[in-house]
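The values are calculated or read from the model by the stated rules, or taken from the named source; none is laboratory data. Just so it is clear, the model here is predicted, and its values are computed rather than measured. When the accessible area is computed, the model is the full protein with side chains, heavy atoms only, and any ligands, DNA or RNA have been set aside. Shrake-Rupley method; radii C 1.70, N 1.55, O 1.52, S 1.80 Å.
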Amino acid sequence: MTNFDIYSLIVIIPTALVSSVGLVIHLGSKTLSSRAYFQFIITVVIWMVGIGVFRIASSVEIATFIVRLNYYLGTCIAASFFYFCLVFPQNKKPPKWVSVLLILSLIGFIPLFYSGILIGDVVYMGGIQQWGWGFGPLWFIFDIFFGLLSFGGLFLIYHKFRKAPPGLTKANLKFMSIGMALGFIPPTIINILLTRLGIQGFNWLGPMSLLGWVGVTSYSIMKYRQLNVKSVVGEVFIVLMMILLLINVFLDERILGIYGKLAIFVAFVFVAYLFMKSALKEGEQREQLDDLNHNLEAKVAEQTKEIRVAYEVEKKARVELEELDKTKTDFILAAQHNLRTPLTVAKGYVSEIDNSFKKGNTSDLENYLGKTTGALDTMGQLVNGLIDVTDLKVGKRGFTKEK
């Protein structure tokens, strides 16, 4: 019917943007949430391409196939989005029956769409849209399925945001809620509600409304590392430019003209500026990191030296304590022996005195009493020595007498 025109280009630009963001997320993160988000973006991109191609379909048969495919992709978008909302941001798989139920639902929709039960015949109506279509008797099944999963997913994301504690996770959930609302509500109004009212001439505007979603997602990736993506804005734009340049090969030169070429040149200048700025910033960060590493190594060496000195002091103190413990043990053994000896001697002489009294032999009493007194004097001196020891205290280098 027609070739690529300005309206097709309006569909292609947001498609390229969404594709570039999806590719950066896929390459920049390997979490379960990122993989689920990438699958969701793939279905959105295929749907956007279908919207652009539908306008230039060359026959009723092709147009019918594309419009039914686009509506089927709508169910895929809702299912993949709901699955993403279940796993984000905890990266925890939902129960297996949920995935099985979603897959079986999508399989069950295939014959419904292509039998005409949900989407009817396509007719040529001219104008920007070129083609119009009717609805089958069970058209409401699609609306119920799409509404439950898409707005149920939005509710899940918003509910997680309300319950999340302040921090990075809450910020990510906040921007994900805003981005997804911008990504779902306008296309739902333009591509579903208006078509139900018989207004089908603005179907091509649905993909254009996704620019807000792309903007919010890109901002949250750059500022809050949304989905754990390690990326910079330059990567998004370079992928975008690659896609646009590839599309430009198939575009009529009259569509872009001098202004289109100028816009591409300005975009490349902007990307080059971003990369130069990123390189300078990376150099500054590397210098700061080197300084930090140097200071950290010096601090670690200083603390290691202090720890080594403290260890040596502790080792010396432990040796002194061991020597002190040994001295104490030797002292107790010596005291025990020295006290037992005079006590045994005194006890022996007292026994001899007792025997002498019993036998009436008093000639040796004076000798026995003298030796007993000597033994008791010796024991008294030992006891006094022990009392003196109790007045001693332990100094840094052994025993020092307390003043």
Give me, ordered by chain and number, the residues 5 or more places off G120 or on other chains with an amide H under 5 Å from its own placed amide H. G134, F135, G136
Portion, in percent, of the accessible area of the stretch 1-102 that falls on carbon or sulfur, probe 1.4 Å: 72 percent
Accessible surface ranking that places the most exposed of H294, H26 first, with a 1.4 angstrom probe: H294, H26
Output needed for the stretch 1-100: three equivalent-ellipsoid semi-axes, defined as square roots of 5 times the C-alpha gyration tensor eigenvalues, in descending order, whole Å. 30, 17, 7
Once L112, L73 are ranked on solvent-accessible area with the largest value leading and a 1.4 Å probe, the list reads L112, L73
For a quick check of understanding: with a 1.4 angstrom probe and all protein chains in place, what accessible area in square angstrom does R340 have, to the nearest ten? 130 Å²
Measure of exposure for F38: accessible area at 1.4 Å probe, Å² rounded to 10, is 50 Å²
Accessible surface of E306 in the full protein assembly, 1.4 angstrom probe, to the nearest 10 Å²? 110 Å²
Would you kindly derive the ³J(HN,Hα) couplings of the stretch 35-43 from the backbone phi angles with the Karplus curve 6.51 cos²θ - 1.76 cosθ + 1.60 (θ = phi - 60°), listing them in order in whole Hz, with x for Gly and Pro? 5, 5, 5, 5, 4, 4, 5, 4, 5
How large is ³J(HN,Hα), in whole Hz, for each residue of the stretch 298-308 in order, when computed from phi with the Karplus curve 6.51 cos²θ - 1.76 cosθ + 1.60 and θ = phi - 60°, using x for Gly and Pro? 5, 5, 5, 4, 5, 5, 5, 4, 4, 5, 5
Per residue accessible area of the stretch 24-129, 1.4 Å probe, in Å²: 44 Å²
